[in-house]
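**Q** Structure incoming, see below.
The values are calculated or read from the model by the stated rules, or taken from the named source; none is laboratory data. Here the structure is a predicted model, which is why all the values come from computation and not from measurement. Please note: Cβ atoms are built from the backbone with ideal geometry, for glycine as well, and neighbour counts cover all protein chains shown. Quick note on the areas: whole protein, heavy atoms, side chains included, nothing else; ligands and nucleic acids left out. Shrake-Rupley method; radii C 1.70, N 1.55, O 1.52, S 1.80 Å.
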Amino acid sequence: MPLAGEFGQVEVRIAQKSFTSASGERFEVLRDFKLSLGHHQVAALVGPSGCGKTTILRIIAGLETDFEGTITRPLSGKLGVVFQEPRLLPWRTVEDNVRLVAPGLTREALASLFRDLDLEVHRLHYPGELSLGLARRVALARALAVEPSLLLLDEPLVSLDEALAVRLRDQLAALIASRPITTLLVTHDLEEAIRLADRIFLLSPRPAQVIAEIPLTAPRSARSEREVARIVSEVACRMTGGALRPGHA
Amino acid sequence: MVRLISLILLLATWWLISQFVEPQTLPGPDRVLGAIAAQMRSGDMFFQLGVTLARVLAAFTIAMAAGTAIGLLMGRVKLADRLGDPWLIVLLNLPALVIIVLAFIWGGLTEIAGVLAVAINKLPNTVVTVREGARALDSGLNEMATVFALSRRKYMWHVVLPQLGPFLAAAGRSGLSLVWKIVLIVELLGRPNGIGFQIGVAFQLFDVTLILAYALAFVAVILVIETAVVQPIERRASRWRIRTS
Ligand SMILES: Nc1ncnc2c1ncn2[C@@H]1O[C@H](COP(=O)(O)OP(=O)(O)OP(=O)(O)O)[C@@H](O)[C@H]1O
Ligand SMILES: [Mg+2]
(Lines give C-alpha, C1' and ligand atoms only; values in the text may rest on other atoms or scores of the structure.)
(Ligands and ions follow the chains in the order given, each with its own letter.)
Protein backbone atom coordinates (compact mmCIF):
# COMPACT_ATOMS: atom_id res chain seq x y z
CA MET A 1 0.00 0.00 0.00
CA PRO A 2 1.33 3.46 -0.85
CA LEU A 3 2.32 5.47 2.21
CA ALA A 4 2.35 9.23 2.38
CA GLY A 5 5.77 10.73 1.65
CA GLU A 6 7.43 13.87 2.88
CA PHE A 7 8.15 16.75 0.53
CA GLY A 8 6.64 15.00 -2.43
CA GLN A 9 9.29 12.33 -2.43
CA VAL A 10 8.84 8.95 -3.95
CA GLU A 11 10.44 5.96 -2.24
CA VAL A 12 10.13 2.55 -3.80
CA ARG A 13 11.31 -0.53 -1.93
CA ILE A 14 10.24 -3.77 -3.50
CA ALA A 15 11.78 -6.76 -1.75
CA GLN A 16 10.13 -9.24 -4.03
CA LYS A 17 7.41 -9.48 -6.66
CA SER A 18 6.52 -12.66 -8.45
CA PHE A 19 3.80 -13.84 -10.77
CA THR A 20 2.25 -17.24 -11.14
CA SER A 21 2.30 -18.40 -14.71
CA ALA A 22 -0.62 -20.17 -16.34
CA SER A 23 1.08 -23.52 -15.75
CA GLY A 24 1.19 -22.79 -12.01
CA GLU A 25 4.87 -22.06 -11.43
CA ARG A 26 5.90 -18.88 -9.70
CA PHE A 27 8.54 -16.74 -11.31
CA GLU A 28 10.26 -13.73 -9.88
CA VAL A 29 9.96 -10.42 -11.73
CA LEU A 30 11.52 -8.03 -9.19
CA ARG A 31 13.97 -8.59 -6.36
CA ASP A 32 15.47 -5.99 -4.01
CA PHE A 33 14.40 -3.18 -6.23
CA LYS A 34 15.03 0.23 -4.63
CA LEU A 35 14.54 3.65 -6.05
CA SER A 36 14.11 7.12 -4.61
CA LEU A 37 13.04 10.22 -6.39
CA GLY A 38 13.33 13.80 -5.20
CA HIS A 39 10.71 16.46 -5.54
CA HIS A 40 10.20 17.57 -9.18
CA GLN A 41 12.76 15.17 -10.45
CA VAL A 42 12.43 13.37 -13.76
CA ALA A 43 13.75 9.85 -13.60
CA ALA A 44 13.94 7.27 -16.34
CA LEU A 45 13.94 3.51 -15.95
CA VAL A 46 15.82 1.93 -18.81
CA GLY A 47 15.92 -1.81 -19.19
CA PRO A 48 15.46 -4.69 -21.60
CA SER A 49 12.01 -5.79 -22.71
CA GLY A 50 10.25 -8.01 -20.22
CA CYS A 51 12.49 -7.09 -17.29
CA GLY A 52 9.61 -5.78 -15.20
CA LYS A 53 9.42 -2.05 -15.96
CA THR A 54 5.67 -1.95 -16.42
CA THR A 55 5.28 -4.03 -13.26
CA ILE A 56 7.25 -1.41 -11.29
CA LEU A 57 4.98 1.38 -12.55
CA ARG A 58 1.88 -0.67 -11.78
CA ILE A 59 3.07 -1.25 -8.23
CA ILE A 60 3.76 2.45 -7.73
CA ALA A 61 0.36 3.32 -9.21
CA GLY A 62 -1.29 0.98 -6.73
CA LEU A 63 -2.59 -1.42 -9.39
CA GLU A 64 -0.54 -4.35 -8.09
CA THR A 65 -0.87 -4.90 -4.37
CA ASP A 66 0.46 -8.44 -4.14
CA PHE A 67 4.17 -7.79 -3.50
CA GLU A 68 6.65 -7.58 -0.64
CA GLY A 69 7.83 -4.08 0.09
CA THR A 70 6.67 -0.52 0.58
CA ILE A 71 5.85 2.37 -1.71
CA THR A 72 5.91 5.95 -0.50
CA ARG A 73 4.13 8.52 -2.61
CA PRO A 74 3.53 12.27 -2.31
CA LEU A 75 1.03 12.91 0.46
CA SER A 76 -0.94 15.50 -1.42
CA GLY A 77 -1.66 15.70 -5.07
CA LYS A 78 -2.84 13.42 -7.78
CA LEU A 79 -1.44 10.68 -9.88
CA GLY A 80 -1.20 10.92 -13.66
CA VAL A 81 -0.50 7.80 -15.68
CA VAL A 82 0.20 7.18 -19.34
CA PHE A 83 -0.16 3.45 -19.86
CA GLN A 84 1.79 1.50 -22.42
CA GLU A 85 -1.39 1.49 -24.57
CA PRO A 86 -3.46 4.71 -24.76
CA ARG A 87 -6.49 3.29 -22.88
CA LEU A 88 -8.93 5.96 -24.01
CA LEU A 89 -12.69 5.47 -23.84
CA PRO A 90 -13.63 4.70 -27.47
CA TRP A 91 -17.17 6.06 -26.95
CA ARG A 92 -16.09 9.49 -25.75
CA THR A 93 -14.53 12.24 -27.83
CA VAL A 94 -10.95 13.34 -27.26
CA GLU A 95 -12.15 16.33 -25.27
CA ASP A 96 -14.56 14.29 -23.16
CA ASN A 97 -11.87 11.71 -22.44
CA VAL A 98 -9.69 14.44 -20.98
CA ARG A 99 -12.49 16.28 -19.20
CA LEU A 100 -13.77 13.12 -17.56
CA VAL A 101 -10.70 12.71 -15.36
CA ALA A 102 -10.25 16.45 -14.77
CA PRO A 103 -13.66 18.04 -14.27
CA GLY A 104 -12.12 21.04 -12.53
CA LEU A 105 -9.95 21.98 -15.50
CA THR A 106 -10.70 25.46 -16.80
CA ARG A 107 -11.55 26.11 -20.44
CA GLU A 108 -8.29 28.03 -20.87
CA ALA A 109 -6.14 25.33 -19.28
CA LEU A 110 -7.70 22.71 -21.52
CA ALA A 111 -7.23 24.88 -24.60
CA SER A 112 -3.58 25.50 -23.83
CA LEU A 113 -2.96 21.83 -23.13
CA PHE A 114 -4.48 20.90 -26.49
CA ARG A 115 -2.47 23.65 -28.16
CA ASP A 116 0.78 22.42 -26.62
CA LEU A 117 0.15 18.90 -27.86
CA ASP A 118 -1.24 19.89 -31.30
CA LEU A 119 -4.57 18.30 -30.54
CA GLU A 120 -6.87 21.25 -31.22
CA VAL A 121 -8.30 19.93 -34.48
CA HIS A 122 -8.99 16.55 -32.93
CA ARG A 123 -11.05 17.71 -29.95
CA LEU A 124 -14.29 16.28 -31.29
CA HIS A 125 -12.86 13.13 -32.80
CA TYR A 126 -13.41 9.71 -31.29
CA PRO A 127 -10.31 7.66 -30.35
CA GLY A 128 -11.06 5.20 -33.17
CA GLU A 129 -10.47 8.03 -35.63
CA LEU A 130 -6.97 8.76 -34.31
CA SER A 131 -3.59 7.35 -35.29
CA LEU A 132 -1.59 5.69 -32.52
CA GLY A 133 0.65 8.75 -32.22
CA LEU A 134 -2.36 11.00 -31.75
CA ALA A 135 -3.96 8.63 -29.25
CA ARG A 136 -0.69 8.62 -27.29
CA ARG A 137 -0.78 12.40 -27.17
CA VAL A 138 -4.38 12.35 -25.94
CA ALA A 139 -3.36 9.92 -23.19
CA LEU A 140 -0.57 12.33 -22.30
CA ALA A 141 -2.98 15.27 -22.29
CA ARG A 142 -5.28 13.32 -20.00
CA ALA A 143 -2.48 12.53 -17.55
CA LEU A 144 -1.35 16.16 -17.46
CA ALA A 145 -4.90 17.49 -17.22
CA VAL A 146 -5.33 16.18 -13.68
CA GLU A 147 -2.37 18.38 -12.69
CA PRO A 148 -0.58 15.45 -11.10
CA SER A 149 2.16 15.70 -8.54
CA LEU A 150 3.44 12.34 -9.71
CA LEU A 151 3.45 11.38 -13.37
CA LEU A 152 4.12 7.82 -14.53
CA LEU A 153 4.88 7.30 -18.21
CA ASP A 154 5.17 3.81 -19.70
CA GLU A 155 7.09 4.00 -22.98
CA PRO A 156 5.21 7.08 -24.16
CA LEU A 157 7.09 7.31 -27.46
CA VAL A 158 7.44 3.69 -28.51
CA SER A 159 6.34 2.64 -32.02
CA LEU A 160 6.08 6.18 -33.30
CA ASP A 161 8.08 7.11 -36.38
CA GLU A 162 11.36 8.83 -35.64
CA ALA A 163 10.42 12.39 -36.55
CA LEU A 164 7.21 12.22 -34.57
CA ALA A 165 8.92 10.61 -31.59
CA VAL A 166 11.52 13.39 -31.51
CA ARG A 167 8.83 16.06 -31.73
CA LEU A 168 6.64 14.52 -29.07
CA ARG A 169 9.71 13.98 -26.89
CA ASP A 170 10.54 17.69 -27.03
CA GLN A 171 6.92 18.65 -26.36
CA LEU A 172 6.89 16.27 -23.43
CA ALA A 173 10.15 17.69 -22.03
CA ALA A 174 8.77 21.23 -22.23
CA LEU A 175 5.44 20.25 -20.64
CA ILE A 176 7.11 18.48 -17.72
CA ALA A 177 9.63 21.27 -17.20
CA SER A 178 6.89 23.90 -16.97
CA ARG A 179 5.05 22.04 -14.21
CA PRO A 180 5.85 21.04 -10.63
CA ILE A 181 5.72 17.32 -11.34
CA THR A 182 7.80 14.40 -10.17
CA THR A 183 8.06 12.12 -13.16
CA LEU A 184 8.99 8.49 -13.61
CA LEU A 185 9.45 7.44 -17.20
CA VAL A 186 9.93 3.93 -18.54
CA THR A 187 11.72 3.31 -21.79
CA HIS A 188 14.14 0.95 -23.43
CA ASP A 189 15.62 3.75 -25.49
CA LEU A 190 18.64 5.25 -23.78
CA GLU A 191 18.76 8.39 -25.90
CA GLU A 192 15.14 9.15 -25.11
CA ALA A 193 15.95 8.78 -21.42
CA ILE A 194 18.96 11.09 -21.69
CA ARG A 195 16.89 13.73 -23.44
CA LEU A 196 14.09 13.69 -20.90
CA ALA A 197 15.43 12.75 -17.49
CA ASP A 198 17.54 14.19 -14.68
CA ARG A 199 18.53 10.76 -13.53
CA ILE A 200 18.61 7.39 -15.23
CA PHE A 201 18.25 4.01 -13.60
CA LEU A 202 19.60 1.14 -15.65
CA LEU A 203 17.85 -2.14 -14.96
CA SER A 204 19.11 -5.68 -15.29
CA PRO A 205 17.12 -8.38 -17.09
CA ARG A 206 14.51 -10.21 -15.03
CA PRO A 207 14.42 -10.13 -12.00
CA ALA A 208 14.98 -6.41 -12.41
CA GLN A 209 17.47 -4.66 -10.18
CA VAL A 210 19.08 -1.25 -10.54
CA ILE A 211 22.55 -1.94 -11.94
CA ALA A 212 23.58 1.68 -12.45
CA GLU A 213 22.30 5.11 -11.61
CA ILE A 214 23.35 7.94 -13.90
CA PRO A 215 22.74 11.50 -12.73
CA LEU A 216 22.48 14.00 -15.57
CA THR A 217 23.61 17.34 -14.28
CA ALA A 218 23.62 19.41 -17.47
CA PRO A 219 20.31 21.17 -18.08
CA ARG A 220 18.13 19.41 -20.59
CA SER A 221 18.44 22.05 -23.29
CA ALA A 222 22.24 21.91 -23.03
CA ARG A 223 22.44 18.24 -23.89
CA SER A 224 23.98 18.34 -27.35
CA GLU A 225 24.25 15.45 -29.78
CA ARG A 226 27.84 14.94 -28.65
CA GLU A 227 26.93 14.95 -24.99
CA VAL A 228 24.20 12.39 -25.62
CA ALA A 229 26.53 10.21 -27.70
CA ARG A 230 29.15 10.40 -24.93
CA ILE A 231 26.72 9.19 -22.28
CA VAL A 232 25.41 6.45 -24.54
CA SER A 233 28.91 5.09 -25.15
CA GLU A 234 29.78 5.43 -21.47
CA VAL A 235 26.75 3.36 -20.58
CA ALA A 236 27.58 0.83 -23.29
CA CYS A 237 31.04 0.41 -21.68
CA ARG A 238 29.51 -0.09 -18.27
CA MET A 239 27.08 -2.67 -19.44
CA THR A 240 28.26 -6.21 -19.48
CA GLY A 241 26.51 -8.76 -21.60
CA GLY A 242 24.79 -6.13 -23.76
CA ALA A 243 21.46 -6.36 -22.05
CA LEU A 244 20.60 -2.91 -23.33
CA ARG A 245 19.97 -1.74 -26.81
CA PRO A 246 21.84 1.53 -27.31
CA GLY A 247 19.64 4.50 -28.03
CA HIS A 248 18.36 4.92 -31.54
CA ALA A 249 15.70 7.59 -31.27
CA MET B 1 -38.60 -1.45 -49.41
CA VAL B 2 -38.00 -5.18 -49.27
CA ARG B 3 -39.55 -5.19 -45.82
CA LEU B 4 -42.66 -3.47 -47.13
CA ILE B 5 -43.06 -5.94 -50.02
CA SER B 6 -42.64 -8.80 -47.58
CA LEU B 7 -45.32 -7.34 -45.33
CA ILE B 8 -47.73 -6.88 -48.24
CA LEU B 9 -47.05 -10.47 -49.27
CA LEU B 10 -47.98 -11.62 -45.78
CA LEU B 11 -51.27 -9.68 -45.90
CA ALA B 12 -52.02 -11.02 -49.38
CA THR B 13 -51.44 -14.60 -48.25
CA TRP B 14 -53.71 -14.04 -45.27
CA TRP B 15 -56.40 -12.55 -47.48
CA LEU B 16 -56.11 -15.38 -50.01
CA ILE B 17 -56.48 -18.09 -47.37
CA SER B 18 -59.41 -16.27 -45.76
CA GLN B 19 -61.24 -16.50 -49.10
CA PHE B 20 -61.36 -20.29 -48.85
CA VAL B 21 -62.30 -20.81 -45.19
CA GLU B 22 -65.22 -19.83 -43.02
CA PRO B 23 -64.95 -16.23 -41.72
CA GLN B 24 -65.42 -17.62 -38.18
CA THR B 25 -62.21 -19.65 -38.61
CA LEU B 26 -60.06 -17.01 -40.29
CA PRO B 27 -61.56 -13.60 -41.03
CA GLY B 28 -59.84 -11.55 -43.76
CA PRO B 29 -57.68 -8.53 -43.03
CA ASP B 30 -60.56 -6.21 -43.94
CA ARG B 31 -62.84 -7.69 -41.27
CA VAL B 32 -60.13 -7.54 -38.60
CA LEU B 33 -59.37 -3.94 -39.52
CA GLY B 34 -63.05 -3.17 -39.24
CA ALA B 35 -63.17 -4.73 -35.77
CA ILE B 36 -60.15 -2.67 -34.68
CA ALA B 37 -61.86 0.50 -35.91
CA ALA B 38 -65.10 -0.39 -34.08
CA GLN B 39 -63.25 -1.05 -30.83
CA MET B 40 -61.38 2.22 -31.23
CA ARG B 41 -64.59 4.16 -31.75
CA SER B 42 -66.06 2.78 -28.55
CA GLY B 43 -62.85 3.81 -26.73
CA ASP B 44 -62.48 0.30 -25.37
CA MET B 45 -59.43 -0.49 -27.50
CA PHE B 46 -57.45 2.48 -26.16
CA PHE B 47 -58.27 1.60 -22.57
CA GLN B 48 -57.26 -2.05 -22.93
CA LEU B 49 -54.12 -1.19 -24.88
CA GLY B 50 -53.16 1.38 -22.25
CA VAL B 51 -53.65 -1.01 -19.33
CA THR B 52 -51.61 -3.75 -20.96
CA LEU B 53 -48.90 -1.36 -22.07
CA ALA B 54 -48.57 0.02 -18.53
CA ARG B 55 -48.12 -3.52 -17.19
CA VAL B 56 -45.56 -4.33 -19.90
CA LEU B 57 -43.54 -1.20 -19.14
CA ALA B 58 -43.66 -1.72 -15.37
CA ALA B 59 -42.58 -5.36 -15.57
CA PHE B 60 -39.97 -4.59 -18.20
CA THR B 61 -38.44 -1.77 -16.15
CA ILE B 62 -38.30 -3.85 -12.97
CA ALA B 63 -36.78 -6.84 -14.77
CA MET B 64 -34.17 -4.76 -16.59
CA ALA B 65 -33.14 -2.71 -13.55
CA ALA B 66 -32.94 -5.62 -11.13
CA GLY B 67 -31.44 -7.92 -13.80
CA THR B 68 -28.72 -5.40 -14.65
CA ALA B 69 -27.79 -4.90 -11.00
CA ILE B 70 -27.69 -8.64 -10.27
CA GLY B 71 -25.93 -9.44 -13.56
CA LEU B 72 -23.22 -6.84 -12.86
CA LEU B 73 -22.71 -8.18 -9.36
CA MET B 74 -22.49 -11.79 -10.55
CA GLY B 75 -20.21 -10.87 -13.43
CA ARG B 76 -17.76 -8.98 -11.21
CA VAL B 77 -17.84 -10.81 -7.86
CA LYS B 78 -16.94 -14.50 -7.93
CA LEU B 79 -18.72 -15.29 -4.66
CA ALA B 80 -21.95 -13.66 -5.88
CA ASP B 81 -21.71 -15.69 -9.06
CA ARG B 82 -21.29 -18.94 -7.15
CA LEU B 83 -24.16 -18.10 -4.78
CA GLY B 84 -26.51 -16.84 -7.47
CA ASP B 85 -25.91 -19.45 -10.15
CA PRO B 86 -28.13 -22.24 -8.76
CA TRP B 87 -30.97 -19.75 -8.21
CA LEU B 88 -30.56 -18.58 -11.76
CA ILE B 89 -30.76 -22.10 -13.15
CA VAL B 90 -33.91 -22.80 -11.14
CA LEU B 91 -35.56 -19.56 -12.30
CA LEU B 92 -34.51 -20.08 -15.93
CA ASN B 93 -36.17 -23.49 -15.98
CA LEU B 94 -39.32 -22.65 -14.06
CA PRO B 95 -42.22 -22.47 -16.56
CA ALA B 96 -43.82 -19.02 -16.87
CA LEU B 97 -47.20 -20.51 -15.99
CA VAL B 98 -45.91 -21.90 -12.67
CA ILE B 99 -44.44 -18.55 -11.64
CA ILE B 100 -47.67 -16.74 -12.55
CA VAL B 101 -49.96 -19.18 -10.76
CA LEU B 102 -47.79 -19.18 -7.63
CA ALA B 103 -47.57 -15.37 -7.66
CA PHE B 104 -51.38 -15.13 -7.75
CA ILE B 105 -51.79 -17.75 -5.03
CA TRP B 106 -49.23 -16.16 -2.72
CA GLY B 107 -49.84 -12.50 -3.59
CA GLY B 108 -53.57 -12.62 -4.27
CA LEU B 109 -55.15 -11.58 -7.57
CA THR B 110 -53.51 -8.18 -7.37
CA GLU B 111 -51.82 -5.83 -9.80
CA ILE B 112 -48.50 -6.10 -7.93
CA ALA B 113 -48.51 -9.90 -7.96
CA GLY B 114 -49.25 -9.87 -11.69
CA VAL B 115 -46.54 -7.39 -12.64
CA LEU B 116 -43.98 -9.09 -10.39
CA ALA B 117 -44.76 -12.47 -11.90
CA VAL B 118 -43.97 -11.08 -15.36
CA ALA B 119 -40.80 -9.36 -14.12
CA ILE B 120 -39.55 -12.56 -12.46
CA ASN B 121 -40.08 -14.41 -15.73
CA LYS B 122 -37.89 -11.96 -17.60
CA LEU B 123 -35.32 -11.48 -14.82
CA PRO B 124 -33.02 -14.53 -15.26
CA ASN B 125 -32.60 -13.88 -18.95
CA THR B 126 -31.48 -10.29 -18.28
CA VAL B 127 -29.12 -11.46 -15.53
CA VAL B 128 -27.47 -14.01 -17.81
CA THR B 129 -26.99 -11.52 -20.64
CA VAL B 130 -25.68 -8.69 -18.45
CA ARG B 131 -23.42 -11.07 -16.56
CA GLU B 132 -21.81 -11.98 -19.87
CA GLY B 133 -21.21 -8.28 -20.52
CA ALA B 134 -19.84 -7.67 -17.04
CA ARG B 135 -17.36 -10.52 -17.45
CA ALA B 136 -16.11 -8.97 -20.67
CA LEU B 137 -15.41 -5.52 -19.19
CA ASP B 138 -12.07 -4.13 -20.37
CA SER B 139 -9.62 -4.47 -17.48
CA GLY B 140 -7.35 -1.83 -19.01
CA LEU B 141 -10.12 0.75 -18.79
CA ASN B 142 -10.92 -0.35 -15.24
CA GLU B 143 -7.31 0.31 -14.28
CA MET B 144 -7.48 3.68 -15.98
CA ALA B 145 -10.55 4.52 -13.88
CA THR B 146 -8.77 3.40 -10.71
CA VAL B 147 -5.61 5.36 -11.39
CA PHE B 148 -7.49 8.56 -12.20
CA ALA B 149 -9.74 8.02 -9.16
CA LEU B 150 -13.01 8.28 -11.09
CA SER B 151 -16.03 8.48 -8.81
CA ARG B 152 -18.30 5.44 -8.65
CA ARG B 153 -21.01 7.28 -10.57
CA LYS B 154 -18.68 8.40 -13.35
CA TYR B 155 -17.17 4.94 -13.59
CA MET B 156 -20.59 3.38 -14.02
CA TRP B 157 -21.87 5.94 -16.49
CA HIS B 158 -18.82 6.50 -18.70
CA VAL B 159 -16.85 3.27 -18.42
CA VAL B 160 -19.22 0.40 -17.57
CA LEU B 161 -22.55 1.28 -19.21
CA PRO B 162 -21.16 1.94 -22.70
CA GLN B 163 -19.50 -1.48 -22.60
CA LEU B 164 -22.74 -3.10 -21.44
CA GLY B 165 -24.68 -1.29 -24.17
CA PRO B 166 -24.86 -4.12 -26.71
CA PHE B 167 -25.74 -6.61 -23.96
CA LEU B 168 -28.48 -4.36 -22.55
CA ALA B 169 -29.83 -3.84 -26.07
CA ALA B 170 -29.95 -7.60 -26.63
CA ALA B 171 -31.67 -8.17 -23.28
CA GLY B 172 -34.09 -5.30 -23.95
CA ARG B 173 -35.04 -6.42 -27.42
CA SER B 174 -35.84 -10.00 -26.52
CA GLY B 175 -37.30 -8.67 -23.27
CA LEU B 176 -39.99 -6.47 -24.75
CA SER B 177 -41.47 -9.25 -26.86
CA LEU B 178 -41.17 -11.85 -24.10
CA VAL B 179 -42.72 -9.56 -21.48
CA TRP B 180 -45.77 -8.69 -23.51
CA LYS B 181 -46.53 -12.30 -24.28
CA ILE B 182 -46.36 -13.18 -20.58
CA VAL B 183 -48.42 -10.14 -19.59
CA LEU B 184 -51.26 -11.52 -21.74
CA ILE B 185 -51.22 -14.81 -19.83
CA VAL B 186 -51.22 -12.94 -16.52
CA GLU B 187 -54.21 -10.90 -17.67
CA LEU B 188 -56.02 -13.97 -18.89
CA LEU B 189 -55.53 -15.75 -15.55
CA GLY B 190 -55.88 -13.04 -12.98
CA ARG B 191 -56.74 -9.54 -14.16
CA PRO B 192 -60.14 -8.03 -14.99
CA ASN B 193 -58.91 -5.96 -17.95
CA GLY B 194 -56.21 -5.64 -20.62
CA ILE B 195 -55.66 -7.28 -23.99
CA GLY B 196 -55.17 -10.70 -22.42
CA PHE B 197 -58.47 -10.47 -20.56
CA GLN B 198 -60.26 -9.36 -23.75
CA ILE B 199 -58.75 -12.22 -25.70
CA GLY B 200 -59.98 -14.56 -22.97
CA VAL B 201 -63.49 -13.22 -23.41
CA ALA B 202 -63.26 -13.53 -27.18
CA PHE B 203 -62.00 -17.09 -26.76
CA GLN B 204 -65.11 -18.04 -24.81
CA LEU B 205 -67.19 -16.66 -27.69
CA PHE B 206 -64.87 -18.25 -30.29
CA ASP B 207 -64.59 -14.76 -31.80
CA VAL B 208 -61.44 -15.05 -33.96
CA THR B 209 -61.98 -11.58 -35.42
CA LEU B 210 -61.80 -9.94 -32.02
CA ILE B 211 -58.80 -12.05 -30.96
CA LEU B 212 -56.88 -10.99 -34.07
CA ALA B 213 -58.01 -7.38 -33.71
CA TYR B 214 -56.60 -7.07 -30.20
CA ALA B 215 -53.44 -9.03 -30.94
CA LEU B 216 -52.61 -7.05 -34.07
CA ALA B 217 -53.35 -3.71 -32.43
CA PHE B 218 -50.85 -4.52 -29.73
CA VAL B 219 -48.23 -5.77 -32.16
CA ALA B 220 -48.62 -2.42 -33.93
CA VAL B 221 -48.04 -0.58 -30.64
CA ILE B 222 -44.87 -2.60 -29.95
CA LEU B 223 -43.65 -1.90 -33.50
CA VAL B 224 -44.14 1.82 -32.94
CA ILE B 225 -42.21 1.66 -29.64
CA GLU B 226 -39.47 -0.30 -31.34
CA THR B 227 -38.99 2.20 -34.18
CA ALA B 228 -39.76 5.40 -32.30
CA VAL B 229 -37.98 4.70 -29.01
CA VAL B 230 -35.67 1.67 -29.05
CA GLN B 231 -33.96 2.24 -32.40
CA PRO B 232 -33.18 5.95 -31.88
CA ILE B 233 -31.65 5.12 -28.47
CA GLU B 234 -29.50 2.43 -30.06
CA ARG B 235 -28.43 4.76 -32.85
CA ARG B 236 -27.43 7.39 -30.32
CA ALA B 237 -25.51 4.96 -28.17
CA SER B 238 -23.52 3.58 -31.09
CA ARG B 239 -22.74 6.90 -32.77
CA TRP B 240 -19.03 6.57 -32.01
CA ARG B 241 -19.00 3.12 -33.63
CA ILE B 242 -20.63 4.27 -36.83
CA ARG B 243 -18.20 7.12 -37.24
CA THR B 244 -15.13 5.08 -36.54
CA SER B 245 -15.92 1.91 -38.44
N1 LIG C 1 -0.29 -10.39 -14.84
C2 LIG C 1 0.80 -11.12 -15.12
N3 LIG C 1 0.79 -12.46 -14.94
C4 LIG C 1 1.87 -13.21 -15.22
N5 LIG C 1 3.04 -12.71 -15.67
C6 LIG C 1 3.12 -11.39 -15.88
C7 LIG C 1 2.02 -10.52 -15.62
N8 LIG C 1 2.38 -9.25 -15.92
C9 LIG C 1 3.66 -9.34 -16.34
N10 LIG C 1 4.11 -10.60 -16.32
C11 LIG C 1 5.46 -11.05 -16.68
O12 LIG C 1 6.37 -10.30 -15.91
C13 LIG C 1 7.50 -9.94 -16.69
C14 LIG C 1 7.70 -8.44 -16.64
O15 LIG C 1 6.61 -7.83 -17.31
P16 LIG C 1 6.55 -6.28 -17.56
O17 LIG C 1 5.31 -6.01 -18.33
O18 LIG C 1 6.73 -5.56 -16.29
O19 LIG C 1 7.83 -6.07 -18.48
P20 LIG C 1 8.35 -4.74 -19.19
O21 LIG C 1 9.72 -4.51 -18.71
O22 LIG C 1 7.38 -3.65 -19.04
O23 LIG C 1 8.41 -5.22 -20.69
P24 LIG C 1 8.19 -4.37 -22.04
O25 LIG C 1 9.39 -3.53 -22.23
O26 LIG C 1 8.09 -5.42 -23.10
O27 LIG C 1 6.92 -3.59 -21.86
C28 LIG C 1 7.27 -10.49 -18.08
O29 LIG C 1 8.00 -11.68 -18.21
C30 LIG C 1 5.80 -10.78 -18.13
O31 LIG C 1 5.55 -11.88 -18.94
MG1 LIG D 1 6.14 -2.65 -20.31
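**Q** Using the Kirkwood radius over Cα pairs, work out the Stokes-Einstein diffusion coefficient for segment B:28-244 at 10 °C and 1.306 mPa s, in µm²/s as a whole number.
**A** Answer from the Stokes-Einstein relation: 82 µm²/s.
**Q** Compute the angle between helix B:2-20 and the longest alpha-carbon principal axis of chain B, please, reported from 0 to 90 degrees and rounded to the nearest 10.
**A** Once rounded, one gets 30 degrees.
**Q** Quote the charge dipole size of the protein assembly as shown about the Cα centre in Debye, to the nearest 20; the model charges only the Cβ of Lys and Arg (+1) and of Asp and Glu (-1).
**A** In total the dipole reaches around 340 debye.
**Q** In what sequence, largest accessible area first, do B:138, A:189 appear using a 1.4 Å probe?
**A** In descending accessible area the options line up as B:138, A:189.
**Q** With every protein chain left in place, what is the accessible area of residue A:237 in Å² (1.4 Å probe, nearest 10)?
**A** Answer for residue A:237: close to 110 Å² accessible.
**Q** Kindly point out which whole DSSP H helices in chain A project their C-alpha atoms 15 angstrom or further along the helix axis while averaging a Kyte-Doolittle hydropathy of 1.0 or above.
**A** A:132-145
**Q** Round to the nearest 10 and report in Å² the accessible area of residue B:26, as given by a 1.4 Å probe over the protein chains' heavy atoms.
**A** Solvent-accessible area, nearest 10 Å²: 50 Å².
**Q** If the viscosity is 1.306 mPa s and the temperature 10 °C, what Stokes-Einstein diffusion coefficient in µm²/s follows for segment B:48-172 when Rh is the Kirkwood radius over Cα pairs?
**A** Translational diffusion coefficient: 100 µm²/s.
**Q** Hey, if we sort B:1, B:45 by accessible area with the 1.4 Å probe, largest down, what's the order?
**A** Result, largest first: B:1, B:45.
**Q** Then there's this: Could you rank A:83, B:46 by how accessible they are, 1.4 Å probe, largest area first?
**A** In descending accessible area the options line up as B:46, A:83.
**Q** Taking the Cα centre of chain B as origin and charging only Cβ (+1 Lys, Arg; -1 Asp, Glu), how large is the dipole, in debye to the nearest 20?
**A** 1000 debye
**Q** OK, next. Could you work out how far helix B:44-76 tilts from the main Cα principal axis of chain B, as a 0 to 90 degree angle to the nearest 10?
**A** The two axes meet at around 20 degrees.
**Q** Let me ask another. Expressed in nm to one decimal, what extension gain is obtained for the pair residue B:89 and residue B:239 from 0.36 nm per residue of sequence separation less their Cα-Cα distance?
**A** Length gained between residue B:89 and residue B:239: 50.4 nm.
**Q** Which of the lysines could a cross-linker span from residue A:17 if the Cα-Cα distance has to be under 26 Å and same-chain partners fewer than 8 positions apart are dropped?
**A** Correct list for residue A:17: A:34, A:53, A:78, B:78.
**Q** Which value, in debye to the nearest 20, describes the size of the charge dipole of segment B:43-126 about its Cα centre when Lys and Arg Cβ atoms bear +1, Asp and Glu Cβ atoms bear -1, and nothing else is charged?
**A** 280 debye
**Q** Find which of B:149, B:109, B:75 sits farthest along the positive direction of the dipole of chain B, computed with +1 on the beta-carbon of Lys and Arg, -1 on that of Asp and Glu, about the Cα centre.
**A** Towards the positive end, the residue furthest out is B:149.
**Q** Could you work out the relative contact order of chain A, using alpha carbon pairs under 8 angstrom and six or more residues apart, expressed as a whole percent?
**A** Across chain A, relative contact order equals 27 percent.
**Q** For the Cα atoms of chain B, what angle does the longest principal axis make with the long axis of helix B:111-135, in degrees from 0 to 90, nearest 10?
**A** 40 degrees
**Q** Moving on to the next point. Roll a 1.4 Å probe over the protein heavy atoms and report the accessible area of residue A:78 in Å², nearest 10.
**A** 120 Å²
**Q** Can I ask one more? Calculate how many DSSP beta bridges within segment A:1-121 are antiparallel, expressed in % of all such bridges and rounded to the nearest 5.
**A** If we restrict to bridges inside segment A:1-121, about 80 percent are antiparallel.
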